[in-house]
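The values are calculated or read from the model by the stated rules, or taken from the named source; none is laboratory data. These numbers were taken from a predicted model, which means no experiment stands behind them. Here the Cβ is made from the backbone with ideal geometry for all residues, glycine too, and neighbour counts use every protein chain on show. Areas reflect the complete protein model, heavy atoms only, side chains present, ligands, DNA and RNA absent. Shrake-Rupley method; radii C 1.70, N 1.55, O 1.52, S 1.80 Å.
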Amino acid sequence: MPKLWSGMTSGAMDEAAEDFNRSIRVDSRMVREDIAGSIAHAKMLAAQAVLSPEDAEAIVAGLEGILSDIDAGALQIDPEAEDIHTFVEQTLTARVGEPGKRLHTARSRNDQVALDTRMYLRGRVETTVGLLKELMRALCDRAEEAKSMVMPGYTHLQRAQPVTMGHHLMAYAMMASRDLGRLTDAAKRMNVSPIGCCALAGTTYPTDRQYEAGLLGFDAVAENSLDGVSDRDFCVELAAALSLIMTHLSRLSEELILWSSWEFKFVRLSDAYSTGSSIMPQKKNPDMAELTRGKTGRVYGDLMALLTMLKGLPLAYNKDMQEDKELIFDAFDTVDACLTVTTPMVGTMTFLPDNMRRAAAAGFINATDLADFLVGKGMPFRTAYKLTGELVAECTAKGTTLEDLPLEAYRAKSELFDADLYDAINIDNCLLRRTSYGGPTPESVERQIKIIRELIK
Ligand code: ARG
């Protein structure tokens, strides 16, 4: 195809340079937004008497025809076109003639691409928000089931204090709720229309930017034309929000990998989300979780590349910015793919509560509660802490647990001990007594579930 911009230059490009310059492989997914934007532009130009009503009608009908032909598979996007804007405009002119050549009045690809990208990403945010909500729903459902399944809570990956599987899963639902907030917040700031900024310096035509923005569902228009065409903050903000989603998915994945190992055996992953080994017949591998953990770096990379791409760019548009779409699209694609497998993997995994309880019983996770028992009898916490530590060491040496240590052994350490201590260090009691707000009791977890379910309603 001849270059849209041939005139001053011949447009006869070196083949490799032409391909290097091309963005159609990446931006053809914005065809819908490009057409919607052009329809609104033609309507605005007609309303302002820049275009005749007949020309505008021909343009709108032509654009609608292009879209329906693409949807019907009757028109293929030309992979040799320079970019999607070029393809749509050239196809339009080929179909409707002269009026097609008038569409690009009071517009530049610089404001056009910024417009298309914002509109396209609006849709992507909606999809990802939907996927996040599904994950939150699954976490709530599973947490409800597991709100009484006692397991060790960890610090330093050492058994620490009793929690439940339900409490643990709800921690991830809380992370997802912040992710959701970040995405919708960034989307709000993104919903500002750049169209009408033109190449960089606005236009001499009597355009109505507010009207055009309104047709396209924007809340406002960019106030400064140089900023309007060169702002890619929204890509960075979204990539940052997506990076944090990946951080959270990666941490969850790591836990699923640990929990499904022979060493933990807290959960069994469904066969539908596991793979086998080509050599070791006994293997069941958590590949989905590992891939999610592994893909986290890609999204961080997209964020870093976006930031680096923008750093040091003079105003206004520079071709460097064509890189934005490949990066932010990849980030969305990756996050959506990870959410799409993580949610049902969480939804279908089998809990193994007996193993959780066995782990909870073996790790002295009631030691804090034993110290607290002594504090209840009047001993200062620091003294109780030390004495309890000695008892744990004694149990470890004898190969026993605090629950099985006889009362005489306790009383040899302190007269404050009596038979009530066994009640105080019973694992279930240790859990049920942690009634502080946000804690691990089933009631507290239920409250958390309610909050999240309210949020995603
Ligand atoms: N394909 C370009 C991009 O993605 C469109 C804008 C081109 N503008 C220009 N002045 N060359 O950024």
Rounded to the nearest 10, the angle in degrees between the Cα long axis of helix 53-72 and the longest principal axis of the Cα atoms of the chain comes to 50 degrees
Relative to the chain, whose Cα atoms define the longest principal axis, helix 442-456 and its Cα axis are tilted in degrees, nearest 10, by 0 degrees
Other residues with Cβ under 12 Å from the Cβ of GLY130 give, with Lys and Arg +1 and Asp and Glu -1, a net charge of 0
In the range 1-71 the accessible area split gives carbon plus sulfur, as whole percent at 1.4 Å, a share of 55 percent
Residue-ordered couplings for the range 263-270, obtained by feeding phi - 60° into the Karplus form 6.51 cos²θ - 1.76 cosθ + 1.60 and rounding to whole Hz (Gly and Pro as x), are 5, 9, 6, 8, 9, 10, 7, 5
The range 1-120: relative contact order from alpha carbon pairs under 8 Å, six or more residues apart, as a whole percent, is 34 percent
Among TRP262, MET321, CYS338, the residue whose Cα sits farthest towards the positive end of the charge dipole of the range 235-339, when +1 is placed on the Cβ of each Lys and Arg and -1 on the Cβ of each Asp and Glu, is TRP262
The correct pair for the range 198-274, radius of gyration to one decimal and Dmax as a whole number, both in Å and from Cα atoms, is 23.8, 72
The extension gain from MET304 to GLU98, computed as 0.36 nm times the residue separation minus the Cα-Cα distance, is 69.7 nm
Taking only the Cα positions of the range 152-309, the convex hull volume per residue in Å³ is 181 Å³
Answer in debye to the nearest 20: the dipole magnitude of the range 99-158 about its Cα centre, from +1 Lys/Arg and -1 Asp/Glu charges placed on Cβ, is 580 debye
Of the residues ALA143, GLY438, SER68, the Cα lying farthest along the dipole of the chain towards its positive end, which is defined by charges on the beta carbon of Lys, Arg, Asp and Glu, belongs to GLY438
So the carbon and sulfur contribution to the accessible area of the range 237-307, 1.4 Å probe, in percent, is 58 percent
Using eta = 1.306 mPa s and T = 10 °C, Stokes-Einstein with Kirkwood Rh from Cα pairs puts D for the range 335-457, in µm² s⁻¹, at 92 µm²/s
Rounded to 0.05, the calculated FRET efficiency for the beta carbons of SER52 and ARG251 at R₀ = 56 Å is 0.40
Cα-based Debye curve of the range 1-134 sampled at q = 0.14, 0.17, 0.20 Å⁻¹ gives log₁₀ I(q)/I(0) of -0.68, -0.96, -1.24
Expressed per residue, the solvent accessible area of the range 87-142 in Å² (1.4 Å probe) is about 33 Å²
Expressed in Å to one decimal, the Kirkwood Rh of the range 54-211 from all distinct alpha-carbon pairs is 20.1 Å
Treating only Lys and Arg (+1) and Asp and Glu (-1) as charged, each at its beta carbon, one finds that the chain has a dipole about its Cα centre, in Debye to the nearest 20, of 1340 debye
In nm, the gap between the two label points placed 7 Å beyond Cα toward Cβ at THR127 and ARG433 is 5.2 nm
The size of the Cβ-based charge dipole (Lys, Arg +1; Asp, Glu -1) of the range 328-457 about the Cα centre, to the nearest 20 debye, is 220 debye
At R0 = 60 Å the Cβ-Cβ FRET efficiency linking ALA201 and SER270, nearest 0.05, sits at 0.55
With only helices counted (DSSP H, runs n ≥ 4, each -39500 (n - 2.57)), the per-residue ellipticity at 222 nm for the chain, to the nearest 500, works out to -20500 deg cm²/dmol
Excluding ligands, DNA and RNA, the carbon-plus-sulfur percentage of the accessible area of the range 317-370 with a 1.4 Å probe reads 53 percent
With every protein chain in place, the accessible area of SER260 for a 1.4 Å probe, in Å² rounded to the nearest 10, comes to 40 Å²
With no solvent term and unit scatterers on the alpha-carbon positions of the chain, Debye gives log₁₀ I(q)/I(0) at q = 0.06 Å⁻¹ of -0.42
Rounded to two decimals, the Rg over Rh value of the range 309-398 from Cα coordinates and the Kirkwood Rh reads 1.44
Using alpha-carbon coordinates alone, the radius of gyration and Dmax of the range 405-457 in Å work out to 17.7, 57
